[in-house]
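Asker: Quick one: the structure is below, questions incoming.
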Amino acid sequence: MRRRNFSASLTLFAILPSSVFAETGDETKFDLIIIGIGAAGLSTAVSAAQNGVKNILLIDKAAFVGGHSALSGGSVNAVVPELQMKQGIKDSPEFWQRQIMETGEFQSDPVLVNTLVNNAQSTLHWLREIGIPFDDQVFEAWGGKFQRAHSAGQKRSGMTYVRIMNHKARSLSVKVRLRTEEVNLLEKDGQVMGVRANG
């Protein structure tokens, strides 16, 4: 299974008070800085590291990893015919896209919706590859409109996702700094070049 594509063309610099990271001896220059250590931030860091990005920093103002993701039920929608057909569920990315557009009264960006529905299955496979134990039962998540949701089978699967992705990120040498609040983004010529933060 091919990893999710990730490209990083911009080098970011973390400009931090010397008292924040000086004691650990960390560098203040990073190839990628991600603000927020929930499921989105962790998955971005893991995917980036797997695709060759070095020296990645994850920062969060909280004292713990996970954000709102750790509290979620952890339902992941994806069209997976081989699983759905076993339960007599007929589905397709086209049908899902039509449902999303209709639910949003055709105000959603069709390009983004197309990206979602056509990459969800490969994303689910990728999440399995990094260790998230999705079970084979497909169900309709609350507000999901159809039986295409997948989870790790627990009440709070979000915590499971966070725990596994956090472990994977650290195994790939991603640096994690908690209690570090992003103050502002540093821009030059309209491009973000760094983050000014304290912690």
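Readers should treat all values here as calculations from the given coordinates under stated rules, not as data from a laboratory. Since we're looking at a predicted model, the values are computed, not measured. Positions of Cβ are generated from backbone atoms using ideal geometry, with glycine treated the same way; all protein chains shown enter the neighbour counts.
Asker: Tell me, how many Å apart are the Cα centres for segment 106-122 and for segment 132-167?
Answerer: Their Cα centres are 20 Å away from one another.
Asker: Of all trypsin sites (Lys or Arg not before Pro) in segment 92-199, which ones are in loop regions per DSSP and have a Cβ with at most 12 other Cβ atoms within 10 Å? Intermediate results must be reported in sequence, preceding the final value.
Answerer: On the way: sites: 98, 128, 145, 148, 155, 156, 163, 168, 170, 175, 177, 179, 188, 196; in loops: 145, 155, 156, 179.
The qualifying sites are 155.
Asker: Can you give the Rg to Rh ratio of segment 32-74, both from alpha-carbon atoms, with Rh computed by the Kirkwood formula?
Answerer: Values: Rg = 10.8 Å, Rh = 10.8 Å.
Dividing the radius of gyration by the Kirkwood radius yields 1.00.
Asker: Strictly over 24 Å apart at the Cα level, which of 54/155; 145/168; 54/168 would you flag in this model?
Answerer: Values: 54/155 35 Å; 145/168 32 Å; 54/168 15 Å.
As for pairs spanning more than 24 Å Cα to Cα, those are 54/155; 145/168.
Asker: Can I ask one more? Could you tell me the convex hull volume per residue, in Å³, taken over the Cα atoms of segment 75-151?
Answerer: Details: hull volume 6.3 nm³, N = 77.
So the per-residue Cα hull volume is 82 Å³.
Asker: Can you list which of the chymotrypsin sites (Phe, Trp or Tyr not before Pro) found in segment 67-139 are DSSP loop residues with at most 15 other C-beta atoms within 10 Å?
Answerer: Values: sites: 95, 96, 106, 126, 134, 139; in loops: 106, 134.
When the chymotrypsin sites (Phe, Trp or Tyr not before Pro) of segment 67-139 are filtered for loop state and at most 15 Cβ neighbours within 10 Å, 106 remain.
Asker: Let me ask another. When the helices in the chain are scored as -39500 (n - 2.57) per DSSP H run of 4 or longer and the sum is shared across all residues, what 222 nm value do you end up with, to the nearest 500 deg cm²/dmol?
Answerer: That comes out to -10000 deg cm²/dmol.
Asker: Can you pull the Rg over Rh of the chain, Cα-only, Kirkwood? Don't skip to the end; give the middle numbers.
Answerer: Numbers: Rg = 18.9 Å, Rh = 18.5 Å.
That ratio equals 1.02.
Asker: Then there's this: What's the angle, to the nearest 10 degrees (0 to 90), between helix 93-103's Cα axis and the longest principal axis of the chain?
Answerer: Taking Cα atoms only, the helix is inclined about 80 degrees.
Asker: As a test, work out the antiparallel percent of DSSP beta bridges whose residues both lie in the chain, rounded to the nearest 5.
Answerer: Working: 13 of 23 bridges.
Beta bridges within the chain, antiparallel portion: roughly 55 percent.
Asker: Further question on the same structure: Using only Cα atoms, tell me the angle between helix 157-171 and the longest principal axis of the chain; keep it within 0 to 90° and round to the nearest 10.
Answerer: Its long axis makes an angle of about 40 degrees.
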